[in-house]
Amino acid sequence: MKKKIWFQGMLLLLSLLLMLSGCGSANNADHASSAYDSSANSGGAETESSSMNMAASSSAEASSPAMDKAVTGAQEPQSLPSGSGIPSGSIADDLNKKLIYRANVVMKVEEFSKAQAQIKDLVSLSGGYIVEFSESQSTHEQGGNFVLKVPASGFSSFLEQLEQLKPESFQQSIQGQDVSEEYVDLESRLKVKEAVEARYLKFVGESKNTSDLVQFTNELERIQTEIEQIKGRMRYIDNNVSFSTIEIRVYQTDDNSLTKLSQDQKPLLKRAGNALQGSLEAISVILQWLVIFISGALPVIVIGAVIFAIIWPLRRRRARLRNEKIDSALVEAEPENRPKD
């Protein structure tokens with residue numbers, strides 16, 4: 001009986017020891033897991049801080065050459081961020097396109113003066129203006145050339161209104177030019193140049209050495225000149241994008257003169273006879289003018305003839321006496337020149 005009680009006591013003691021050992025292992029596992037979690041959290045924080053430091057250093061390194069290139073006037077290619085969500089060729093890109101339109105129109109009208117007035121009225125109503133106008137006239141044609149600028153929004157409607165003037169013939173050609181890429185490039189260059197300008201303005205304000213001041217001033221003047229050139233080109237593109245160019249040639253033919261010209265084409269013999277008759281008429285006109293000239297100069301001719309009739313005999317007599325004197329002198333001198341026997 002005592003052995004049985006002792007044996008039961010030993011079993012109870014062993015079970016208590018097993019329970020205590022199980023609780024201790026669980027506590028150790030909990031401590032281990034908490035230590036692992038804390039170490040993981042601390043390691044993640046360290047990793048995050050290190051990645052942030054690396055990103056900051058890389059951004060600093062990237063910004064340094066960018067600033068250097070900004071000072072030297074270099075240009076970096078621009079690209080959309082990967083997370084922008086705007087694919088290439090989208091509607092937004094199409095809306096930002098800059099297109100220059102130009103049209104050439106040739107119109108044959110019944111009355112040139114009326115068509116000219118109508119075109120000027122259309123230009124005024126459309127909000128455009130006339131750049132150049134020239135007018136020409138010949139025996140068979142009367143016309144003029146217009147160079148117009150009309151708002152790009154009313155470009156198509158202006159061409160339709162020209163066609164509604166009901167000309168006898170109407171020919172048109174339209175050309176378009178996409179300058180979007182050039183304009184974006186100009187904008188990028190302008191930003192870089194303005195950044196360089198600001199930097200050189202700071203250098204000029206802070207420089208104390210005269211040689212450095214002269215060098216910075218010269219560079220600043222060169223950069224400002226380039227900025228003005230870029231802005232001028234951008235203004236030119238904006239103006240041509242906002243206002244389209246239309247060249248118009250309007251002319252009117254004289255059908256009566258053309259009919260008369262065709263009727264003048266007579267047979268060859270008849271045309272040769274007409275030419276001969278014209279030449280004879282020209283000769284007779286010349287003879288008539290010659291007779292008129294002689295008649296007008298007749299008094300002068302008579303006076304000249306009288307003077308000539310008086311002077312001419314005197315001159316002949318004087319010449320004869322001079323010749324006789326010369327002959328007599330020769331005769332007198334001849335015996336002296338003979339050789340003696």
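The values are calculated or read from the model by the stated rules, or taken from the named source; none is laboratory data. Just so it is clear, the structure is predicted and the values come from calculations on it, not from any experiment. Neighbour counts run over all protein chains shown; Cβ positions are idealised from the backbone, glycine included. The accessibility values were calculated without ligands, DNA or RNA, using every heavy atom of the protein model including side chains. Shrake-Rupley method; radii C 1.70, N 1.55, O 1.52, S 1.80 Å.
Tabulated values for the structure
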| read-out | value |
| --- | --- |
| Residue identified as closer than 30 Å to residue 254 by Cα, within 28 Å of the chain's Cα centre (by Cα) and not aromatic (Phe, Trp, Tyr) among 180, 169, 173, 188 | 173 |
| Residue 235 vs. criteria within 30 Å of residue 105 (Cβ to Cβ) and either modelled with pLDDT of 90 or more or of a type outside the set (D, E, K, R) (or both) | yes |
| Any hit, segment 146-160, residues being assigned to a helix (DSSP H, G or I) and β-branched (Val, Ile, Thr) | no |
| Those residues of segment 202-217 which are assigned to a loop (DSSP other than H, G, I, E, B) and open to solvent by 60 Å² or more (accessible area, probe 1.4 Å), in sequence order | 208, 209 |
| Complete set of residues in segment 128-141 that are part of a loop (DSSP other than H, G, I, E, B), exposed (fewer than 13 other Cβ atoms within 10 Å of the Cβ) and either at pLDDT 90 or above or of a type in the set (Val, Ile, Thr) (or both) | 139 |
| Residue in segment 86-94 that is under 27 Å from the mean Cα position of the chain (by Cα), modelled with pLDDT under 90 and within 24 Å of residue 243 (Cβ to Cβ) present | yes |
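Condition check ((1) open to solvent by 100 Å² or more (accessible area, probe 1.4 Å); (2) at pLDDT 75 or above; (3) of a type outside the set (D, E, K, R)) across all residues:
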| residue | (1), (2), (3) |
| --- | --- |
| 260 | yes, no, no |
| 270 | yes, yes, no |
| 279 | no, yes, yes |
| 285 | no, yes, yes |
| 291 | no, yes, yes |
| 294 | no, yes, yes |
| 320 | yes, yes, no |
| 337 | yes, no, yes |
